[in-house]
Every structure is written in C-alpha cells, then in structure tokens.
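Written out below as structure tokens is the structure these notes cover.
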Amino acid sequence: MASLDKAYKEIEGLLGSKYITEKDFMKAAYSRNVDPAFPDRWADMIVRPVSSEEISEIVQIANKFKISMVPRGGGADLVGGSVTQGGILLDLTRMNNVFHIDEENFYCEVEAGITWGALISKLNGKGLTTGVLGPGSGFSATIGGGLSNSTAGFGSTKYGVVPDICLGVEVVLPNPQGSIIRTGAAANKFAEPFCRYGVAPDFTGLFMGDVGTMGIKTKAFLKLFPMTPFKAHRYYMLNKNDYNKVSELLYRLRKKVRDGLRDVFVVPLVTMQLVASMVENKPLKRSRLKGPIFSVILEATDERILNIMVEQVDDIMKEDARGFEMQEVDLDVPLSKDWKFNLKYAYNYFNKYISVAPPKISCTTCHKVPISAIPEVAKKSSQFDIANRNEFPVGSISLFATVIFLMPNGNCVIVGGFNADNIDEQRETSMKMWHKKLRLQVRYGGVHYWLGEAISQSIVEADAYTTDFIQFFKDMKKAVDPNFLLSPNKFHMYSYDDDISRHVIKED
Ligand SMILES: Cc1cc2nc3c(=O)[nH]c(=O)nc-3n(C[C@H](O)[C@H](O)[C@H](O)COP(=O)(O)OP(=O)(O)OC[C@H]3O[C@@H](n4cnc5c(N)ncnc54)[C@H](O)[C@@H]3O)c2cc1C
C-alpha cells in the first residue's frame, strides 16, 4: 500500500470515516479561496479533527509517512494560505468551543476554530468584547486564522491587530511527537492564562502571523474588555483630494483624541466615486465629491467625555473638510445620528469596498505604512499603476487604496489591490502583476499582514530579509518541524537546504 493510503487508513481509524475524505467533490470544494490568481489546488485528503490530542496523533502519522500538512480555519484567506496541492488539509472548524469566559479577570479561553461572529455574539451578551473584532470576513473567519494572519479589522484603530489581544495559545507542533505546548501565562501549569509575558521568552510571538508555518493553533487565550457604552459616528469630506492633508489630519486625530478613536477610516475619492456609481438607492440630487471621506467612530465611558471628543474632532476637521453623510450618495446608509454599532456593520463594512466592481475579485495588497508615509506611498502606487498599465489583466482596476485605516501609534493600514477575473486565462498575468506590486510595497517599507503564499513569497522576492534572518527563521522552524511538513511553499521555503535568495527578483 502506498504511504498516502496507509496514512489515510490510520487517520480514518483515529477519527472515523465521517471526518476524513479523499472524495473529488470534497477536494474540489476545498480547492480555492477568494484568490483569483491561484489555480484550483487539491489536497490528497481533508481531515476534520475535534481535539488537540487528535491533531497530535495526525501529526505523528504525517511525520511517519512524510506527508505535508496545511491548517485551515474559515478559509476566508485571500492570498493562497489555506489551500494545498497534495498532502493533508486540516480543517479546524469543528474545534469551536468557548471553554471559559472569565468576567472577573477579563480573559477567555476558546478553541481556534471558532468564528469571530460566534465568539463576539456570546461576549456581547455579557457586556464584553475582544476590542478588535477580527477581519471583515468575521462571520466565517476563525480566531486561529486571525492570529495566524496578524489580522487587522474593525476596532484596530484602538485595539491593534489580533495578536495584540492574545495572551497565549495552545499549539500542536509539527514535530514527530506532535508535542502539545501552551504559551504565555498558560506555560505555567499552575497559572490561569490571564497575561502573556513573564513565564518564559514570549513564545506566543513565534506563532503570531506565522501563516500556519510554525504550529497548529488549537486554543487561544484572549484579552477581554468591558463594552464601551457610548459611541458616536461622524463623516467628513475633505475639500480637496490631497493626501498630505489626509496624513496631517490622521496625525492630529491620533495626537489629540487618542484612545477615544475606536475606528478611523478614510475612503479615497476614487473609491467613493466608484461606490457612488454603483449604489442601488441613489438620492435624486447627489453632492459633488471633492475629496476623501473620513469616517470617525468614537467611544467613551461617559457621554460628557464623548461629547468633548466629538467637539475635538470637529475642531480638527473644520479647516479642511465639511461634515458629510453617506446618504448624500447612498440612501441605504443610516445617518450618523441614527448609526448603531452591530456585528453586521463591523463585518459587512468592508465588503462594499473590497470588490468595488463585482463580479471581479481582488488580488489584495493590504499593508501598513507609517502615517507620514501616506502621501509618498500614494504617489509611488499610482506611478506604478500608470507605468505598468498594459501589464494588468484585461479589464482590471488597480486602486492605491479602497480604504485607509488608522492603527494604534503611528500606523495606518492601506487596504487595496487590483481586481481580476476568476478565469484560467488571467491567472498567470494576475499572479505576475500581483507579486510585482507587492515587491514595490515591500521595497518602499510597507509591512503586510496576511502573508499566505502570495505575499510571503513576494517579500522574499523583494530581498527584504537578510541572510542572517533567513537562517534564524529556518533554524526556528527546524526546531519545531524537523521533517519540513507544515505549510511548505510559504516564504518560498521548500526545504531547509534550499537557498531562498535564488527567488530574489531585480526589477528592470
Ligand atoms: C470579504 C473579506 C474581508 C476580509 N477582511 C479582512 C480584514 O479586514 N482584515 C484581515 O486581516 N483580513 C481580512 N480578510 C482575509 C481573511 O479573511 C482574514 O485574514 C482571516 O483572519 C482569515 O481567517 P480564516 O479563519 O478564514 O483563516 P484561513 O483562511 O483558514 O487561514 C489563514 C491562514 O492562517 C493559517 N491558519 C488558519 N487557522 C490556523 C490554525 N488554527 N493554526 C495555524 N494556522 C492556521 C492558514 O494556514 C492560512 O495560512 C478578508 C477576507 C474576505 C474574503
């Protein structure tokens, strides 16, 4: 019997035939995500374990037969991270329990396969929140995916990226023993998982943003916050399309209003124009769009503080912008005064802008830059698009940003990319341009977050890592994954002996 068949039989013996499959229609169903540049990729088998112990045994079998593995949460990845050509695809969504919500000590213990939507609904019922609410895809994306992709999303302006709320994880290492370890305070078997640092070096960090290369996260310990009772939402339209002003205003908001800012989004003029042309419920008379729209959500523990913050924001914006309402272009969006925060708002907010021209889908290039870099980055990005306009897939639109959002300290996320058709004829061109644009961003100092395959490989191609760093990365991975089985291909790493620098691409 070939090794694959033997491994299949052993895993089937472990999980029962209901939770493992090699049927074609199932492989096809798991063969791609929302990433048009990738071809369909079929795993050899899809397994759906329910506990860390089962995963540990699967890992031992994979090591015995030298079969590669890729972890998958909600499969809402956009960059080729949670699919695999061959090997075992580990679907973690059966691991969706909330073990403990500690209302007194403000942390929770959950399984990695639970979705953000399910967890946050539970927490909100108790007046609690994780602050950052995971990605725009949070109704289907999981906590494990958010930690592995260093996800930024709703609430990130105040609470940071998902790893910032992580107090530790339980991980199955891909080594031949399938070791199960806990990090953070949970590494002390006598302690509750209420804090991250102090028991040992911060090994939690080893698994954050690793895109499933260092271990399989099975549990997460997350910070909780009481829900902040008072919230206000305001929109402003800049008087002109000026990214120097965008950068200056973001800086002033960050400096003056600080933690009162829950979410600050800037929707560029071009995105607003596209959205305005597509909305279903248009007003009879529409306002002339002159510049980017600022969407500012404030929160406070007391209504008086909230009112002061609204005044502060008005004051900062008054010289260069006017108060705006989305109803000036789209009657379906509530007026600011009627706005209510709910999960539908948090998770559907991005969708209108992520695929501005349906039915195409996006080759996303979301990345972080310092506030002060925005004007320069906007210029470089449009110069790139103009210089390469004939190389993009036919009919595609490339946008510097569909949304820019503010993060803690001087960070900003630029959500952007270009769209392409999900057809075989466009895949090669899309992939080529996608990597080329990502390399540009890496070289101007942009820092991405959901790295998957497309972005992690582009960072290597841009020659961003030093030789010493690559060696360190390989040494760390080898310590947990000596047979090199977990998520091969990411970071252009195909074996420990391979010279990654051969993938560096010098631009013309
Ligand atoms: C409409 C839409 C909106 C989006 N908005 C955002 C956004 O605002 N911000 C953002 O960051 N992303 C966004 N994304 C991308 C993506 O959904 C997120 O990054 C999300 O966190 C992925 O979670 P997931 O559970 O779907 O992970 P998957 O797609 O299943 O996996 C993502 C990566 O993590 C690894 N992984 C998953 N689970 C584990 C685990 N338990 N252990 C180890 N590795 C694991 C996988 O191997 C893969 O590399 C969006 C996608 C869509 C389609």
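The single condition from (1) closer than 30 Å to K122 by Cβ; (2) under 27 Å from the mean Cα position of the chain (by Cα); (3) not β-branched (V, I, T) that D302 fails is (2). When the range 240-280 is filtered for residues that are in a loop (DSSP other than H, G, I, E, B) and either touching a strand residue (DSSP E or B) at 6+ places or on another chain (Cβ under 6 Å) or within 19 Å of A152 (Cβ to Cβ) (or both), only P268 remains.
Checking each residue in the range 452-485 for being closer than 30 Å to Q177 by Cβ and touching a Gly at 6+ places or on another chain (Cβ under 7 Å) picks out G452, E453, V480.
Does the range 435-451 hold any residues that are hydrophobic (A, V, I, L, M, F, W, C), within 16 Å of the ligand (Cβ to nearest atom) and at pLDDT 95 or above, and which are they? Hits for the range 435-451 are L438, V447, L451. If you go through the range 176-202 and keep only what is buried (at least 20 other Cβ atoms within 10 Å of the Cβ) and in a loop (DSSP other than H, G, I, E, B), you end up with G178, T183, P193, R196. Before we move on, is E109 surrounded by fewer than 21 Cβ atoms within 10 Å (Cβ to Cβ) and more than 16 Å from V211 (Cβ to Cβ)? Against the criterion (surrounded by fewer than 21 Cβ atoms within 10 Å (Cβ to Cβ) and more than 16 Å from V211 (Cβ to Cβ)), E109 qualifies. Inspect the range 494-508 for any residue being surrounded by 12 or more Cβ atoms within 10 Å (Cβ to Cβ) and among the basic types (K, R) and give the result as yes or no. No, the range 494-508 contains no residue that is surrounded by 12 or more Cβ atoms within 10 Å (Cβ to Cβ) and among the basic types (K, R). In summary, helices (runs of 4 or more DSSP H) completely within the range 112-159 and bearing 1 or more residues that are more than 13 Å from the ligand (Cβ to nearest atom), over 13 Å from the mean Cα position of the chain (by Cα) and not hydroxyl-bearing (S, T, Y) occur at 116-124, 156-159. Pairs are defined by a Cβ separation below 8 Å, a sequence spacing of at least 6 or placement on different chains, a first member in the range 251-278 that is closer than 13 Å to P292 by Cβ and without any contact (Cβ under 8 Å) to a residue 60 or more places away in the chain, and a second member that is among the aliphatic types (A, V, I, L, M) and part of a strand (DSSP E or B); the pairs so defined are M272/I293.
Among the criteria (1) within 30 Å of E22 (Cα to Cα); (2) in contact with a Cys (Cβ under 8 Å, 6 or more places away or on another chain), the one D102 does not fulfil is (1). Scan S382, S362, S372 and give me the residue that is surrounded by fewer than 17 Cβ atoms within 10 Å (Cβ to Cβ) and touching a helix residue (DSSP H, G or I) at 6+ places or on another chain (Cβ under 7 Å). S372 is the lone residue from the list that is surrounded by fewer than 17 Cβ atoms within 10 Å (Cβ to Cβ) and touching a helix residue (DSSP H, G or I) at 6+ places or on another chain (Cβ under 7 Å).
Checked against (1) touching a helix residue (DSSP H, G or I) at 6+ places or on another chain (Cβ under 7 Å); (2) more than 11 Å from the ligand (Cβ to nearest atom), D202 passes all but a single condition, namely (1). In summary, G260 fulfils each of the numbered conditions (1) more than 17 Å from I374 (Cβ to Cβ); (2) surrounded by fewer than 20 Cβ atoms within 10 Å (Cβ to Cβ); (3) of a type outside the set (F, W, Y); (4) out of contact with any Gly (no Cβ under 6 Å at 6 or more places or on another chain) with the single exception of condition (2).
Within the option set F473, F418, being free of Cβ contacts under 8 Å to residues at least 60 places away in the same chain, away from the ligand (no atom under 15 Å from the Cβ), in a strand (DSSP E or B) and not small (G, A, S) holds for one residue only, F418. When the range 478-508 is filtered for residues that are within 16 Å of the ligand (Cβ to nearest atom), under 14 Å from M214 (Cβ atoms) and not in a helix (DSSP H, G or I), the ones remaining, listed by number, are D481, F484, L485, L486, S487, P488, M493.
One residue alone among D259, D242 is acidic (D, E) and either more than 19 Å from L306 (Cα to Cα) or within 15 Å of the ligand (Cβ to nearest atom) (or both), and that residue is D242.
Screening L253, L238 for residues that are farther than 30 Å from V70 by Cα, in contact with a Lys or Arg (Cβ under 8 Å, 6 or more places away or on another chain), of a type outside the set (K, R) and surrounded by 22 or more Cβ atoms within 10 Å (Cβ to Cβ) leaves exactly one candidate, L238.
The values are calculated or read from the model by the stated rules, or taken from the named source; none is laboratory data. Given the structure is predicted, the values throughout are model-derived calculations rather than measurements. Note that we place each Cβ from the backbone using ideal geometry, even for glycine, and neighbour counts take in every protein chain shown.
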